[in-house]
Amino acid sequence: MLPEERRRILQIYREEVAGRLPVLAGIGAPTPPSPSSLLRTPAKRGRCIVVFPHPVFVGEPLPWQVPYEYHKAIAEAVPLPMVLFQLQPGLGGVLYSREALLKLASIPTVVAVKEASFDAVRFVETVRALVEAPRRIQMLTGNDNFILESFVLGADGALIGFGTVAIASKSRCSALAAPATWPARHEVYDRVIQPLVGVIFGSPVRNYRLRVKEALVELGVLDAAHARPPLPPLHDEERRRVREAVRRARLAMPRRRGRDDRGRSSQAPGRSAHRPEQLRRSDHSQGRAASTG
């Protein structure tokens, strides 16, 4: 996004949550950050920052000093709680070595790691590495392809691209945390969440952003699923698969919340199609996390 777009989105998030929840703002740059530039970044207005992998991290081997110095500079310029981001190379990210993770965890402002390798073995290895960190570092799964399993493997929470779709169903799974309720939790997960994930995060995974937008169009949240170059728009067949997956999941339709010219929210009626009788509350009314990353 452009800087002015990031500032506007962050402003909207802050207004909507009104201090009830932390706002996680994503930060990243194609060049090494300077303290002066970071002080002007939209992330400065958040309450927690998620640091995206720097392009220079790509390639093996990666000396731990490179990501450490980058994150340390950000921590010194923006003294807010920091979330590290381990992202699969297929999405332009990097997988940190055990040594790099422990060095990064030694930065005082680091509070969590978003682990999005899409690899269950790598996820477990990261959980085990952080046991040796100098203090408790929370583990946030970014693995949309095994959300529920991530919690069994050690996740404390989730920070996922799939977070804007099927919110009520994910909230239901979270509420069914006691062992006695696991069969019901798996029923919701297997019936609603996983089939949608399989379509939205299928190959090529880089198209997941457009597929999420297409799902939100089908739900009446967005008016159109625009693609920003160089990404091309989805083919008609891919759009059809996404929309059919949303219909099969029988998600509730949210009421539209419009924005005026100054970015303030205003109520507007939503579409009524595909609203199952058993889901009267909006599927977007139970979300408990705010992220602009």
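Bear in mind these aren't lab numbers, they're just calculated from the coordinates by the rules spelled out. Quick caveat, the model's predicted, so the values are computed rather than measured. Backbone-built Cβ (ideal geometry, glycine too); neighbour counts: all protein chains shown.
Under Stokes-Einstein, with the Kirkwood radius over Cα pairs as Rh, the value for the stretch 42-144 at 37 °C and 0.692 mPa s is 241 µm²/s. Packing around the peptides 9-15, 169-175, 181-187, taken as the average count of other Cβ atoms within 10 Å per residue, puts them in this order, highest first: 169-175, 9-15, 181-187.
The orientation-averaged projection of the convex hull spanning the C-alpha atoms of the stretch 101-193 amounts to 6.3 square nanometres. Going from the residue with the fewest nearby Cβ atoms within 10 Å to the one with the most, TYR70, TYR96 rank TYR70, TYR96.
Computed from phi, the 3J(HN,Hα) profile of the stretch 184-196 under the Karplus parametrisation 6.51, -1.76, 1.60 (θ = phi - 60°) reads 5, 5, 5, 5, 5, 5, 6, 7, 10, 6, 4, x, 5 Hz, with x in place of Gly and Pro. For GLY92, no residue has an amide H sitting under 5 Å from its own, ignoring neighbours fewer than 5 places away on the same chain, with H placed 1.01 Å from N.
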